[in-house]
Amino acid sequence: MRHKFAVIGLGIFGNSIATTLAERGAEVIAIDNDEDHVEAIKDQVAYAVALDATDIRALEAQNIGDMDAVIVAIGEDFEALLITTANLQELNVKRVITRASNKQQRRILEKMGVQEILSPEGEVGKTVAERLLQPSIRTFLPLPDNYEIVEINAPRNIANRSVAKISLREKYNLNLITIKRFFEEIQDGKPTQVEHIIGVPKADTIIYPSDILLLIGKKQDVKRFIDINR
């Protein structure tokens, strides 16, 4: 099944996300109130439409609630970004990802209950697209020669198995750098889940379902590992 995404706001940042998603095989609806932006991208995505995203009825008419995720990439008009985000929340969109241009905007969006906030200064469109297409990937760092370092949630099919039995290097051409693991600690008198690095994993280290793995390898090998074991 193809992933379905909508990108609202087609400046440089939104255009980069939309075109990268489309290049990776996703079905993308690109939305902007500027017809020139829509015209520039229409041949690169499944559907491009000029509309005012602050109009909830206009969004609803595009079946926006059927999307796997909607990315609000509006850059200059923060009021429009807020109204659009609120509209998406009201329409019960599964996953709303919103852009913040500064710390103040981020705080406002957090108070609205937005869980995923993008800062274009720290993220590029290709990185965002990668995270959308591979939800298991939490962060990744592209390297030369098609290599990357990725931080992924432990795939379901390898949970409760030892590092040796998974055979990352032999089967997948991947190297495990370390594991992030959550431990319950008492903070301010309350039990809290705290993330710790467990160091260099040994052959008999067991991978728990809640672990986060830090891997290095070629992009296609990472994808194959996730696809096989999800």
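The values are calculated or read from the model by the stated rules, or taken from the named source; none is laboratory data. This structure is a prediction, so every number in the text was calculated from the model and none was measured. Cβ coordinates were reconstructed from backbone atoms using ideal geometry, including for glycine residues, and neighbour counts include every protein chain displayed. Each accessible area value is taken on the protein alone, full model and side chains, heavy atoms only, with ligands, DNA and RNA left out. Shrake-Rupley method; radii C 1.70, N 1.55, O 1.52, S 1.80 Å.
Helix 78-90 and the longest principal axis of the C-alpha atoms of the chain enclose an angle of approximately 70°. Excluding same-chain neighbours fewer than eight residues apart, the lysines reachable from LYS111 by a Cα-Cα span under 23 Å are LYS94, LYS103.
Taking label points 7 Å from Cα along the Cα-to-Cβ direction, ASN160 and GLN62 give a separation of 4.4 nm.
Each semi-axis of the equivalent ellipsoid for segment 130-229 is √(5λ) with λ an eigenvalue of the Cα gyration tensor; in descending order they amount to 25, 16, 12 Å. Within the accessible area of the chain, what % is carbon and sulfur when the probe is 1.4 Å and the other protein chains stay in place? About 48 percent, which is the carbon plus sulfur part of the accessible surface.
One compactness figure for the chain is 1.14, namely its Cα radius of gyration divided by 2.2 N^0.38 Å. Along the chain, the longest continuous region that contains none of the GluC sites (Glu not before Pro) in a DSSP loop with at most 12 other C-beta atoms within 10 Å is 122-230. Helical content of the chain, expressed as a calculated mean residue ellipticity at 222 nm, amounts to -9000 deg cm²/dmol (DSSP H runs of 4 or more residues, -39,500 (n - 2.57) each, divided by residue number, nearest 500).
Taking all protein chains together and rolling a 1.4 Å probe, ILE186 ends up with roughly 120 Å² accessible.
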